[in-house]
Amino acid sequence: TIGGEARQERLKDPTVNAAGSADQMHYAGFVQDEIALGDSWELVVGGRLDHHQEFGWHASPRAYLLHHFSDALTFKAGIGTGFKAPTLEQLSPDYAAIAGGGRFTIVGNPDLKPEINRSVEAGLEYREGIWSARAMVFQNDLKNLIQTLCVLRCGGAPGATWTYRNVG
């Protein structure tokens, strides 16, 4: 499997900057292959390569191993990484959006970093006729989660100011 993505974000708003508009580009390509390793084993390998106008290049590899005990029962285990860049609204320092039914304003933050994650999982899947069941254990380590946080007049009254921040 092979594919690609080209995404342009445009923001036209008088609060975004002096020009009243901004844009950014994000390109990505991905590839995945399923490799049979005998009659009951499969290896799925792939990756995604992102290029973001603000953050440059980022590679996100992944690998998954499957063992078919029978037509109905399969063991799955895998590891992968991910990348998610902040949106133009989240990054624009002068951008302000009224939210919460007019109760607060959200402003952009140019110091945001992209979210990066690494996930590991393993489990079993059973499928027989119309019945199926799956049990998985996983760990997802996320760095630089983008979250909104109140920074001014946070007592709950109208007029509060929120912004985007990276959290651990």
| message | Taking all protein chains in place and a 1.4 Å probe, what share, in percent, of the accessible surface of segment 47-168 do carbon and sulfur account for? | response | 57 percent
| query | Between segment 29-54 and segment 81-113, what's the alpha-carbon centroid distance in Å? | reply | 32 Å
| Say R0 is 45 Å: what FRET efficiency, to the nearest 0.05, do LEU73 and ASP94 get from their beta-carbon distance? | 0.20
| query | By the scheme Lys and Arg +1, Asp and Glu -1, what is the net charge of all other residues having a beta-carbon under 15 Å from that of ALA63? | reply | 0
| said: If you count only protein heavy atoms with a 1.4 Å probe, what accessible area per residue comes out for segment 8-89, rounded to a whole Å²? | reply: 59 Å²
| Residue-wise, which Karplus ³J(HN,Hα) couplings in Hz belong to segment 82-99, taking 6.51 cos²θ - 1.76 cosθ + 1.60, θ = phi - 60°, and x for glycine or proline? | x, 9, 9, 7, x, 6, 4, 5, 5, 8, 6, x, 9, 6, 9, 10, 7, 9
| remark: Computed about the Cα centre, the charge dipole of the chain from +1 Lys/Arg and -1 Asp/Glu charges at the Cβ has a magnitude in debye, to the nearest 20, of 640 debye
| query | What is the spin-label model distance, in nm, from ARG118 to ALA133 if the labels are put 7 Å beyond Cα along the C-beta direction? | reply | 3.3 nm
| Selected from GLY100, GLY129, GLY20 as most flexible by GNM, with the chain as the system and alpha-carbon contacts under 10 Å | GLY129
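The values are calculated or read from the model by the stated rules, or taken from the named source; none is laboratory data. Bear in mind that the values here come from a model prediction, so they are computed numbers and not experimental data. Note that we place each Cβ from the backbone using ideal geometry, even for glycine, and neighbour counts take in every protein chain shown. Side chains are part of the model used for accessible areas, which takes the heavy atoms of the whole protein and leaves out ligands, DNA and RNA. Shrake-Rupley method; radii C 1.70, N 1.55, O 1.52, S 1.80 Å.
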